[in-house]
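**Student:** There's a structure below that I have some questions on.
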Amino acid sequence: IGLLAGLCQVPIQTKLGGFEKLVEGYGFYYQAVRQGEHWRVLTVPFLHSSVPHFLSNLTLLAFIAPVTGALAGARGAIAVTLVGCFAGAYSQMWLGPGGDAQVGASAGILGLYAYVTSLSLLRVIDLPKGFVWVIATVAVASVLGAGLFSTAVANAAHLTGLLVGGVWSLAHIGSRSAQNES
């Protein structure tokens, strides 16, 4: 779905007259959201500011999605991603410095990284030795790397995505212990 959305974005934004027009018309444009157009949050994970932004999100997702899917199932992985994206967009709007819009799936993807890392560090799952540190390093490096290439990095969104993943892992632990008791 993400790949299809990425491939569709270029011709749509070209037809509308550029990326800014696309975001103003359909994206999580803060002014419109503050005026009650909360449906715009649905576009956050599907719009990206550039081809490199899209490709980096797609690469990060391709690495962590199979691991998360094996742990939480496809629905769980999608839920963590979307909740991370949606919560991240609102936190960036409320807490982030400046800017007028939020795009990209990185907050949700970082939620997946935090989910897997938390479950491993809490010893709920056993990953191959050192793999959890690979996952954590990729997540941290992606956030820090993004900061080197852009001054518009959504730090509040990224931190919120990580928080969502961590909380989701605790809910996972709670649901597993409840199932074991019954």
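The values are calculated or read from the model by the stated rules, or taken from the named source; none is laboratory data. The model shown is predicted, which means the values in this text are computed figures rather than measured ones. Backbone-built Cβ (ideal geometry, glycine too); neighbour counts: all protein chains shown. In case anyone asks, the SASA skips ligands and DNA or RNA and just uses the protein heavy atoms, side chains included. Shrake-Rupley method; radii C 1.70, N 1.55, O 1.52, S 1.80 Å.
**Student:** Provide the net charge surrounding Val33, with neighbours chosen by a C-beta distance below 11 Å and charges set as Lys +1, Arg +1, Asp -1, Glu -1.
**Tutor:** In short, 0.
**Student:** So, in Å, what gap is there between the alpha-carbon centers of the range 156-176 and the range 63-96?
**Tutor:** Each part's Cα centre sits 9 Å from the other's.
**Student:** Just check the range 95-139 against the gyration tensor rule for me: Cα atoms, a ≥ b ≥ c as the square roots of the eigenvalues, rounded for a/c under 1.5, and otherwise prolate or oblate depending on whether a/b exceeds b/c. Could you put the intermediate results ahead of the total?
**Tutor:** Working: a/c = 3.45, a/b = 2.93, b/c = 1.18.
Cα axes put the range 95-139 in the prolate bin.
**Student:** Ranked by accessible surface with a 1.4 Å probe, highest first, in what order do His158, His53 come?
**Tutor:** Most to least solvent-accessible, the answer reads His53, His158.
**Student:** Compute, for Leu58, the solvent-accessible surface of its heavy atoms (probe 1.4 Å) with the complete set of protein chains present, and express it in square angstrom to the nearest 10.
**Tutor:** Spelled out: Leu58, probe radius 1.4 Å, area about 60 Å².
**Student:** Which order do Leu144, Leu60, Leu112, Leu121 take when ranked by solvent-accessible area (1.4 Å probe, heavy atoms of all protein chains), largest first?
**Tutor:** Sorted descending by solvent-accessible area, the residues read Leu144, Leu121, Leu60, Leu112.
**Student:** OK, next. Please state the shape class of the range 72-158: rounded when a/c is under 1.5, otherwise prolate if a/b exceeds b/c and oblate if not, all from the C-alpha gyration tensor.
**Tutor:** oblate
**Student:** In nm, what is the difference between 0.36 nm times the number of residues separating Thr59 and Glu37 and their Cα-Cα distance?
**Tutor:** So the extension gain works out to 4.9 nm.
**Student:** Another question, if that's okay. If you take the charge dipole of the chain about its Cα centre, with +1 on Lys and Arg Cβ and -1 on Asp and Glu Cβ, which of Gly69, Gly88, Val167 is farthest toward its positive end?
**Tutor:** Projecting each Cα onto the dipole axis, the largest value belongs to Gly69.
**Student:** Give the relative contact order (percent, whole number) for the chain; include only Cα pairs under 8 Å separated by 6+ residues.
**Tutor:** With pairs under 8 Å counted, the relative contact order is 24 percent.
**Student:** For Val83, what accessible surface area do you get with a 1.4 Å probe? Give it in Å², rounded to 10.
**Tutor:** 60
**Student:** Which residues in the range 1-42 have a backbone N closer than 12 Å to a point placed 7 Å from the Cα of Asp100 along the Cα-to-Cβ line?
**Tutor:** Of the residues in the range 1-42, 20-25, 29-32 have backbone N under 12 Å from the label point off Asp100.
**Student:** Rank Pro45, Pro128, Pro11 by mean-square fluctuation in a GNM of the chain with C-alpha springs under 10 angstrom and give only the top-ranked residue.
**Tutor:** Largest GNM mean-square fluctuation: Pro128.
**Student:** For the chain, set up a GNM with springs between Cα atoms under 10 Å and report which of Gln92, Gln35, Gln13 has the largest fluctuation.
**Tutor:** Per the Cα network of the chain with a 10 Å cutoff, Gln35 tops the list.
**Student:** Given axes a ≥ b ≥ c from the Cα gyration tensor, I'd like to know whether the range 1-72 is rounded (a/c under 1.5), prolate (a/b larger than b/c) or oblate. Mind dumping the intermediate values first?
**Tutor:** Numbers: a/c = 2.86, a/b = 1.52, b/c = 1.88.
Since a/c reaches 1.5 but b/c is at least a/b, the shape of the range 1-72 is classed as oblate.
**Student:** Beyond 22 Å, what share of the Cα-Cα pairs of the chain is found? Please give it as a whole percent. Write down the numbers at each step before the final one.
**Tutor:** Working: 7371 of 16471 pairs.
For the chain, the share of Cα pairs beyond 22 Å comes to 45 percent.
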